1. Spelling out what I want: for every residue of region 72-84, take phi, set θ = phi - 60°, compute 6.51 cos²θ - 1.76 cosθ + 1.60 (Karplus), and round to whole Hz; glycine and proline get x.
2. For Lys13, go through the lysines and keep the ones whose alpha-carbon is under 16 Å away, minus same-chain ones fewer than eight residues off.
3. Under 30 Å Cα-Cα from Lys100, which lysines qualify once same-chain neighbours fewer than 8 residues away are excluded?
4. If you place +1 on the Cβ of every Lys and Arg and -1 on the Cβ of every Asp and Glu, how big does the dipole about the Cα centre of region 80-210 come out, in debye to the nearest 20?
5. Report the FRET efficiency, 1/(1 + (r/R0)^6), for Asp128 and Glu225, where r is their Cβ-Cβ distance and R0 is 22 Å, rounded to 0.05.
6. Could you give me the radius of gyration and the Dmax of region 80-210, taking only the C-alpha atoms into account and expressing both in angstrom?
Amino acid sequence: MSEIEAATANGPKPEAIAERICATILEHRLAPGAKLIEAQICEVFGVKRGPIRQVLAQLATDRLVDLEPNRGAFVASPSLQEVHEVFEMRRIIELAVVEKICSGHDMRRLKSIGSMIGRERKAFETRDFPAWIRLSGEFHTELSLTGNAVLCNCLNGLVARSTLISALYESLGRSPCSFADHEAIIAALDAGDAKEAAALMSRHLQSVELKMLDRPARGAADLHEVFGASREA
């Protein structure tokens, strides 16, 4: 048994810990720039440092965490330049997705995405902001399920990065992604109007990018409180 396997024998696996931290970041419970103190994370999840370092290294590979020598791990803080680059790539990919759907889309899948938008609207109306943020991103990743695994993986990463960016540049309790826009896009796709759907998607992504407002990242965070709130949610 390896050191990491032994360290997690009676606790959560590194994959489960990574998923919890990732969800906490993407639901804006941990702000960009927040320090991820190894000792606190070990206490929260009841494991030793080996698995936590493995988790942080994986999250750094996914560009959700920055590892700084002699300083530790921090939730990533994307620059304004990266905002532009991420949304430039999203426009290229998502307009291609729209065209692919209109060339032979699955009506049942569009119906399920329509139901997701309904849950997105309800989450907003009930002020369930973590669910609203998550569902607004899932709208875009669900649309990308075209059978092209490379395209799907690429867009999944970009949407996750966009959610992190919105945590840095958007105010708490706001999401730059509009469910009304999502409803209009689905309606155009359902009608098979590729030109209209592409125009709506382009305007939607441009609007999301422009809503990113510069504000400073936060620093310290009480990880016991953050992950406690995550469990309650």
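Every read-out reported here was derived from the displayed coordinates using simple, explicitly stated rules and does not represent laboratory data. The structure displayed is predicted, hence computed values, not measured ones. Positions of Cβ are backbone-derived with ideal geometry, glycine not excepted, and every protein chain shown enters the neighbour counts.
1. x, 10, 9, 4, 4, 10, x, 7, 4, 4, 5, 3, 5
2. Straight-line reach from Lys13, under 16 Å: Lys48.
3. Candidates past the 8-residue exclusion: Lys111, Lys122, Lys195, Lys211.
4. Values: 15 positive and 18 negative charges, 59 e Å.
Value, rounded to 20: 280 debye.
5. Numbers: r = 19 Å, r/R0 = 0.86.
Efficiency, from the Cβ-Cβ distance: 0.70.
6. 13.8, 39
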